[in-house]
Amino acid sequence: MAANSPNSPRQKMINLMYLIFIAMMALNVSSEVLEGFELVENGLQQTISSTENQNNLILGKLEESYQQNPVKAMMWYNSANQFAKESDSLFSRIQDLKEKIVKYADGVDGDVRNIDNKESVDAAYQIMLSKDQRGTKLKEALITYRENAGKLVSDSKLRTSIIERLNTEPSKKAKENNMNWEQSMFDQMPTAAAITLLTRIQSDIRAVQGEVLNDLWSNIGGDDYRVNSLTAAVIPRSMIVMQGSSYEGEILLAAVDTTKRPKIYIGNTILPESNQGKFQIGAGAAGTNKTFAGHIEWERAGKDPLKIPFSSTYSVIEPMATVASMRMNVLYAGINNELSISVPGVTSDKIQASVANGNGTVTATNKSWNARPSKVGQDMIVSVTAEMNGKRMEVAKHTFKVRALPDPTPYIEYADKDGNPKMFKGGRINKADVLSVPGIKAGVDDGILNIPFTVTGFTIVFFDNMGNGIREVSDGANFSDRQKEQIRRLQRGRSFFISDVKAIGPDGIQRNDVAAIEVRVN
């Protein structure tokens, strides 16, 4: 057990004597008791010296760790140096207070190591409790030091120990006498006792410094376990690679500090250390079970480098993409045809599409793509490119048949008794339902397409009782007044025909003579 350990017999003896001497201060202190403080003082000085030697050893280890691995040790090394400076500053401050007390008691030639007026109770009071309030300032400095030490240690029990060791709360007896910490320490305290008390605080400072340094040292792996089994690992970005792209991944040495990189060879080629294990090799031709291999070299002190082999397999596939029309494999000229385009493993913002043969355009929307062919009867070829590994490449071409939009069908759109929209395309219908709508509509609605057209005119043919046809013409999509009047006059079971429908589709082409429908009124 170290001589300065708080549980050593020597330290226990010093602490016991310190308590005895303090308890006797209320008595008429004899010269023998005052001489006893010198014994305690000498013991504390030896403890301080021993602790300082150990602290310097730990600082040396921290310096060595920093020199070997600055990245890993820098934070703890800097914290240790800063705290060591803070400890030295507070230690020197207390030493200065001790010298002031002795010089007040013995004069300008007073020596802390050889005090003449040990029994003087005025020196400590004048220096520590007078108007300069040095005792209060010392307490505040100890509190700050204690808090800073607590922030640096990771063990809660050690933090509690530091608080207890540098406790600045007055004793229970002092509180009963309405005395604060500095009064209980220095009021009516003989010079020899005051010097010993301050030396004890210096000893505590060095002990706390050692505890903090030890904790910082443990944080950078001062007692790291040295592994004796190392495994090389290959972590690919993907086991499947498209032809023309690259097989990428990362090579790691398990159980090794990542801040100290080994040498990595793929075949006979060494990876640059700046790559930190990341690699890239050409994928080559399409195929499966392609292999690449190498080894890792780990430097060992006094021995040849340790070589750990590695290997990995991967597959290369042809470039591919999914390009599908939302209306099967046919595109209609003059309108936007929705396309779904995707490339496995590539985000949508890295995908581009264009028309390879000039028949129209392809544009992106929020969720899909729109293909708009310009010529009927000529295929539309959609080319898809994708950005992979920083390089843009064509991944697919897809050919679509291009057709003209089919002619629309005229219909009457009305609402049933429940308010649901209905499309009447011929047959029986209530006269009231016909008269409830402004006119007719037209569109393509065959289960695949749902494309509205704009009606620009139509004719209704009515028949009188003699079978003569009466033609009433509308110049737009709405019924004319004469058409409505004729519909109102129709008796139940009579029919009329909607014919000569003219409509313009979204492709801009005018359709004439759209198929007629028969309407029989109920």
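The values are calculated or read from the model by the stated rules, or taken from the named source; none is laboratory data. Here the structure is a predicted model, which means the values were calculated and not measured. In this analysis, Cβ positions are derived from the backbone assuming ideal geometry, glycine residues included, and neighbour counts consider all displayed protein chains.
Annotations for the structure displayed:
- Qualifying positions in the stretch 402-436 - among the polar types (S, T, N, Q) and surrounded by fewer than 17 Cβ atoms within 10 Å (Cβ to Cβ): N420, N430, S436
- Condition met for V362 (outside the structural domain of K484 (by TED's automatic domain parsing), modelled with pLDDT of 95 or more and more than 19 Å from I509 (Cα to Cα)): yes
- Given (1) under 29 Å from T361 (Cβ atoms); (2) surrounded by fewer than 17 Cβ atoms within 10 Å (Cβ to Cβ); (3) modelled with pLDDT of 95 or more, number of the condition G447 does not satisfy: (3)
- Set T363, T399: member being more than 38 Å from the chain's Cα centre (by Cα), loosely packed, with under 15 Cβ neighbours inside 10 Å and part of a strand (DSSP E or B): T399
- Residues (touching a residue at least 40 places away in the same chain (Cβ under 8 Å) and not in a strand (DSSP E or B)) located in the stretch 439-482: I440, D446, I448, L449, F479
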